[in-house]
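Trainee: Here's a structure for you.
We did not get these values from a lab; they are worked out from the coordinates using the rules stated. Given the structure is predicted, the values throughout are model-derived calculations rather than measurements. Don't worry about glycine lacking a Cβ; one is built from the backbone with ideal geometry, like all the others, and counts go over all protein chains shown.
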Amino acid sequence: MATWQLVQYVVTGITVGSIYAIVGLGFTIIYSVTGIINFAQGEFVMLGGMTAFSLIGLGLPIPVALMLAVVLVTLVGVVFNLTAIRPAGRASSITLIIITIGGALFIRAVAGLYWGRDAVALPPFSSGASLSFLGAYIRPQSLWVIGITLVLMVVVYLLLNRTLVGKALKAAAINRRAAALVGIDARMMSLVSFALAAATGAIGGIVIAPISYASYDMGVMLGLKGFVAAAMGGLTGVWGVFLGGLGLGLAESLAAGYISSSYKDAIALIFLFAVLLIRSRRLVAGEEAAA
Amino acid sequence: MKKVVFIALALILVIGIMPFTACGGAEEEYKIGAVLGITGFNSALGEPEKQTLEMLEEAINDAGGINGKNVKIIIYDTETDSTTCFTATKRLIEQDNVLAIIGASSSGVTMAILDTVTDAEVPLVSLAASDQIIKPVEERYWIFKTPQTNSMVVARVYDYLSDQGISEVALITASDGFGALGLEELKDVASTWGMTIVADESFDPDDTDMTTQLAVIKGKNPEAVICWGTNKGSAVIADNMKDLAMEMPLVMSHGIANRDFIDLAGEAANGVIFPAGKLLVTEQLPDDDPQKDVLLAYKADFEYLYGEGNVDTFGGHAWDAFTLITDAIQSLVDEGKEVDRAGIRDKLESAELVGISGIFNMSSTDHLGLTPDCLVLVEIVDGEWTLAEE
Amino acid sequence: MLSLIRGRVKMLAIAALVVLLIIIPLQGNAYYTSVLIIIGIHAIVTVGLCLLMGYTGQVSLGQAAFYGLGAYIAAVLSKTYHLNPWLAMAVAIIATAAFAFAIGFPIFRLRGNYLAMATLGLGIIIWILFRELDWITGGQPGFLDIPTLSIGGFAFDSDLSFYYLVWGFCIAVMFISQNIVNSRIGRAMRAIRDSESASQSLGINTIMVKAKILALSAAYAALAGSLYAYYVGFIDPPPFGFLFSIRLVAMAVVGGLASIWGAIFGAATVRLLTEFLHPFGDIDTVLFGLLLMVIIILSPQGVTRGLGDIWRRLSRRLSPS
């Protein structure tokens, strides 16, 4: 059991965990405002990566292409909210979940038709070989992933807690009717949360595409992992999902390294399961308070 | 209470009209069915297969069909799901009344329909790798396949490695059906080739990062790494090996035999060696290679329609299946016999074809009919497929 | 009096449904028969999900795992250990139900989204076991040559005979479920759905009730899974994965969550969408997603309820008073 291996597993775990945290962030934003688990979140991630690829292919300078991709995917989030979530009105949360599942299938299928079934790669943000660190190696892109995740977490945290929009979002989340009384339109807030989640999702898709490529069906797996990260984090707080993502990433990586790569997902889930059950009393109390 | 009435009514409506939508009509064309994994895990295989079949259908009909009668290809997407493939196959047999079926794209999905086609007595030409599909041949009377089997491919890999004086290998295989079948074969015959497996790791093709598994392998210090998977996961592995500064030879499977792998892995693809059908290195084949003309023609046709550099061996398997079946129909027509399922099956069993995947010599004991020399070793050099020197 | 008439209408409707189900396959197209068999099998799983989600208010995103457990236990016992297929099926049902009951106690300490997440995780863990325990399950390449069911000398090896078998089970499951819903435990279920803490204060052992219902739904799923294994004769892990769990939830919601008979409709709608959209080739999944969204947006209570609403409005308008 060499030290460099442990370091390598941790580095990988943190990189992968950051990715899960970005995806989970979108779940958290939408859930905390609307109470909806948005199963189309993984598709926003996919759209980010694929759109960026197409825009770069059009010959746009890379930074412009990436930003434009985020804007376009944000628009998709807005359109999705207006056409699928808003017409459902005050349907039960399970109904809304099915709508987002339908939306996810639809978006994925359209993407499969438009971009084809093949995976595509984005160029890394900075070139150069991996950096050596205690015998382990870190890719420059991993540092980008971790860095952008941290920045995104801070920005979203500040947005939710320090700005008027954020306070309105929170108010709508806590009590829809009371918020309406002071002039906060819950439907508008739902729209804003989808836009924000689509934007963070798109950023996630863009930062990971140089590492693990983008393809029309990447949203299934990432959405699932992101949801687990978000649920671990309690589905409400920005830092919770960050920790949830890192926990999941590290659990997977260490399980693959020390136990078995075939069972790594199962081991990670059992670990998370245990955490859920140990914390169940507190979680249930939190859930009731939120209801 | 009304609900129940409605369910009954709705069911009457939905199910009641189903039989009437099925109108057989006179058989004015030769119908061939196909069940392909166009979406889902196998989409990298199903897509070129579908494109190839559509191309061939158009070509044969433009040339006047088979003795003036058109060929119609009916393709259903299996979504790489055995339940969907199962009902789609029933549909091809019972409703579309096809003469023969091509598919499915992967071994697991094919297994789900073996009983169905056998019971219905419809010839099936599978596009999947596993030997199990056509063995034991007595039970697989109606089943044929066109891709080279896993045992041939694995033998080719081990043969190459032992020539290089390598005996300690690490395996990293995909957790999907393709990887699982490869792993089985790799482990089964390792000892007969004098190979020692020092590490046996697996990866999920959808995983974002495989450095952990590779770090485990690196710790075991193998002489070579064998990776068994399709494009996306395999490209991540090639890339991650460079990241971890792992210099040992990387040998992969025929699952990466298409352009996408090189596009994805970029620099990291260079130096990767894998066994594949001759299609990838058509131009480099000696002129006396009996397959060369067929390969050149298919490559030109496919790339004319679907873009330069897009041809791959999976589409080639579909070419072989289509040609085997239409040749069988042609010879039945030529001999003045009735064109039916049993007739096609008998012709398939004695088929000889210079195809894309190799030279087929089918027999009642061999429903594939390929020999191991249909595979060549390909090395990726400067982003191009190169026939490896042996 | 009115309720008597209503009751009679209902019995008539069910009788009509049963007669219809008997007649349909006689049209002789084995493709339709096989689709209807798959629908019947899925409907059995969906009913369990309706009991759990619609009546008791507990989400399960891992139901496909119970379906898979049933299929694998029945397949392995009957093929590898040469157990009588009926006996293998019974063992599969009992073992799966017992497992669900046991897992119910820790899991049901969680609620809402945490419960959803826990069931999701459980489903994936079991799915990974199907994939990795390959010396038992055959792993990803699959498990082949599963024997079929037979009584005396009569084997259920044709589509037609298997159709009657599946729908016989399906109708039986519907009646059992309807009776449970109308019983004492059914009232406890609805009380839990409406307010868990209120039902606790009424002296209902909520975790026990929830675990029992989970066990029942798992038993249904295992029954359906073993039928699937015997019918197709081959199983591999993909049909029992996360995506199928989601599809099952979609079936339950389309049929109307709190509607036993709606489960048939939900299962039929989702399966038939897939089948009918096949000829559209590539765009079939596009249309599937779109239709699923439209159906739910237009009638969030499920299609059966939605149709009922339309009927009620129509009949009110048409009636002279």
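Trainee: Rounded to the nearest 5, what % of DSSP beta bridges with both residues in the protein assembly as shown are antiparallel? Walk me through the numbers before you get to the answer.
Mentor: On the way: 21 of 53 bridges.
Beta bridges within the protein assembly as shown, antiparallel portion: roughly 40 percent.
Trainee: Here is a follow-up. When the dipole is taken about the Cα centre of segment A:3-290, and only Lys, Arg (+1) and Asp, Glu (-1) are charged at their Cβ, what size is it in debye, to the nearest 20? Write down the numbers at each step before the final one.
Mentor: Values: 16 positive and 8 negative charges, 137 e Å.
Value, rounded to 20: 660 debye.
Trainee: Can I ask one more? Over chain B, what number does the Rg to Rh ratio reach, with both radii from the alpha-carbon atoms and Rh per Kirkwood? If you can, show how the numbers build up before the last one.
Mentor: Numbers: Rg = 22.3 Å, Rh = 22.0 Å.
A ratio of 1.01.
Trainee: Further question: What does the charge dipole of segment C:125-202 about its Cα centre add up to, to the nearest 20 debye, if the Cβ of each Lys and Arg holds +1 and the Cβ of each Asp and Glu holds -1?
Mentor: 560
Trainee: Where does chain C land on Rg/Rh, using Cα atoms and the Kirkwood Rh?
Mentor: Numbers: Rg = 20.0 Å, Rh = 20.5 Å.
Checking Rg against Rh, the ratio lands at 0.98.
Trainee: In whole angstrom, note down how far apart the Cα centers of segment B:63-106 and segment A:79-120 are.
Mentor: What the calculation gives is 31 Å, centre to centre.
Trainee: Follow-up. Give the relative contact order (percent, whole number) for chain C; include only Cα pairs under 8 Å separated by 6+ residues.
Mentor: Values: 467 pairs, mean separation 99.4, N = 321.
About 31 percent, as a whole number.
Trainee: Roughly how many nanometres apart are two label points built 7 Å out from the Cα toward the Cβ at A:V79 and B:T386?
Mentor: 4.7
Trainee: Considering amide H positions built from the backbone, and no H for Pro or chain starts, which residues 5 or more places from B:W228, or on another chain, come under 5 Å of its amide H?
Mentor: B:I172, B:T173, B:A174
Trainee: Right, something else. Between B:E29 and C:D157, what FRET efficiency comes out of the Förster formula 1/(1 + (r/R0)^6) with R0 = 30 Å and r the beta carbon distance, rounded to 0.05?
Mentor: Numbers: r = 33 Å, r/R0 = 1.09.
The value I calculate is 0.35.
Trainee: Another question, if that's okay. For A:N161 and A:I270, what is the calculated FRET efficiency with R₀ set at 41 Å and r taken between the beta-carbons, to the nearest 0.05? Let's see the in-between values first.
Mentor: On the way: r = 34 Å, r/R0 = 0.83.
According to the calculation, E is roughly 0.75.
Trainee: Taking each residue of C:128-141 in turn, how many C-beta atoms of other protein chains fall within 10 Å of its C-beta, and what is the average? Walk me through the numbers before you get to the answer.
Mentor: Values: counts 9, 2, 0, 9, 7, 0, 4, 0, 0, 0, 3, 8, 13, 12.
Rounded to a whole number, the mean comes out at 5.
Trainee: Could you check the spin-label model distance between B:K135 and B:W193? Points 7 Å from the Cα along Cα→Cβ, value in nm.
Mentor: About 1.6 nm, to one decimal.
Trainee: Can you compute the helix-only [θ] at 222 nm over chain A? Use -39500 (n - 2.57) per DSSP H run of at least 4 residues, normalise by all residues, nearest 500 deg cm²/dmol. Mind dumping the intermediate values first?
Mentor: Working: 12 runs with 220 residues, N = 291.
-25500 deg cm²/dmol, from helical runs alone.
Trainee: May I pose another question? Taking amide H atoms as placed 1.01 Å from N in the peptide plane, list the residues 5 or more away in sequence, or in a different chain, whose amide H sits under 5 Å from that of B:F144.
Mentor: Here B:L124, B:V125, B:S126 satisfy the definition.
Trainee: Going by alpha carbons, how many degrees (0 to 90, nearest 10) lie between the helix axis of B:107-120 and the longest principal axis of chain B?
Mentor: Relative to chain B, helix B:107-120 is tipped by roughly 30 degrees.
Trainee: Here's something else I'd like to know. Using Cα pairs under 8 angstrom and six or more residues apart, how large is the relative contact order of segment B:34-97, in percent? The partial results should precede the final answer.
Mentor: On the way: 68 pairs, mean separation 26.6, N = 64.
Computed value for segment B:34-97: 42 percent relative contact order.
Trainee: Quick one: dipole size for the protein assembly as shown, taken about the Cα centre, charges +1 on Lys/Arg Cβ and -1 on Asp/Glu Cβ, in debye to the nearest 20. It would help to have the intermediate numbers written out before the result.
Mentor: Working: 61 positive and 85 negative charges, 1628 e Å.
Using Cβ point charges on Lys, Arg, Asp and Glu, the protein assembly as shown gives about 7820 debye.
Trainee: On to the next question. Can you pull the one-decimal nm distance between simple spin-label points at B:D62 and B:N221, each 7 Å off the Cα toward Cβ?
Mentor: Using points 7 Å along Cα→Cβ, the separation is 6.0 nm.
Trainee: List the lysines whose alpha-carbon lies under 26 Å from that of A:K170, not counting same-chain residues fewer than 8 positions away?
Mentor: Here the lysines satisfying the reach criterion relative to A:K170 are A:K225.
Trainee: When only Cα pairs under 8 Å and 6 or more residues apart are kept, what is the percent relative contact order across chain B? Can you show the working numbers first?
Mentor: Values: 745 pairs, mean separation 60.1, N = 390.
Relative contact order of chain B: 15 percent.
Trainee: Would you please report the Å³ per residue occupied by the convex hull of the alpha carbon atoms in segment B:174-271?
Mentor: Numbers: hull volume 9.0 nm³, N = 98.
Taking the convex hull of the Cα positions in segment B:174-271, it is 92 Å³ per residue.
Trainee: Which one of C:I296, C:L243, C:F154 is farthest out on the positive end of the charge dipole of segment C:31-318, using unit charges on Cβ (Lys, Arg +1; Asp, Glu -1) and the Cα centre as origin?
Mentor: Going by the charge dipole, the pick is C:I296.
Trainee: Is it possible to state the helix-based mean residue ellipticity at 222 nm for chain B, with each DSSP H run of 4+ residues giving -39500 (n - 2.57), the sum divided by total residues, to the nearest 500 deg cm²/dmol? What is it? The partial results should precede the final answer.
Mentor: Working: 13 runs with 165 residues, N = 390.
That comes out to -13500 deg cm²/dmol.
Trainee: So which helices of chain C fit the span-like rule, where a helix is a whole DSSP H run, its Cα atoms reach 18 Å or more along the axis, and its mean Kyte-Doolittle is at least -0.5? Provide the component values of the computation, followed by the final result.
Mentor: Details: long enough: C:2-23 (31 Å, 2.12); C:30-49 (28 Å, 1.88); C:63-79 (24 Å, 0.97); C:85-107 (32 Å, 1.98); C:112-132 (30 Å, 1.23); C:159-181 (32 Å, 1.40); C:206-232 (39 Å, 1.23); C:242-255 (20 Å, 2.15); C:262-277 (22 Å, 1.31); C:284-298 (21 Å, 2.73); C:303-318 (22 Å, -0.57).
Long hydrophobic helices here: C:2-23, C:30-49, C:63-79, C:85-107, C:112-132, C:159-181, C:206-232, C:242-255, C:262-277, C:284-298.
Trainee: Taking segment B:135-229, which GluC sites (Glu not before Pro) meet the DSSP loop condition and have no more than 11 other C-beta atoms within 10 Å? Intermediate results must be reported in sequence, preceding the final value.
Mentor: On the way: sites: B:E138, B:E139, B:E168, B:E184, B:E185, B:E201, B:E223; in loops: B:E138, B:E139, B:E223.
For GluC sites (Glu not before Pro) across segment B:135-229 that sit outside H, G, I, E and B with at most 11 neighbouring Cβ atoms in 10 Å, the list reads B:E138.
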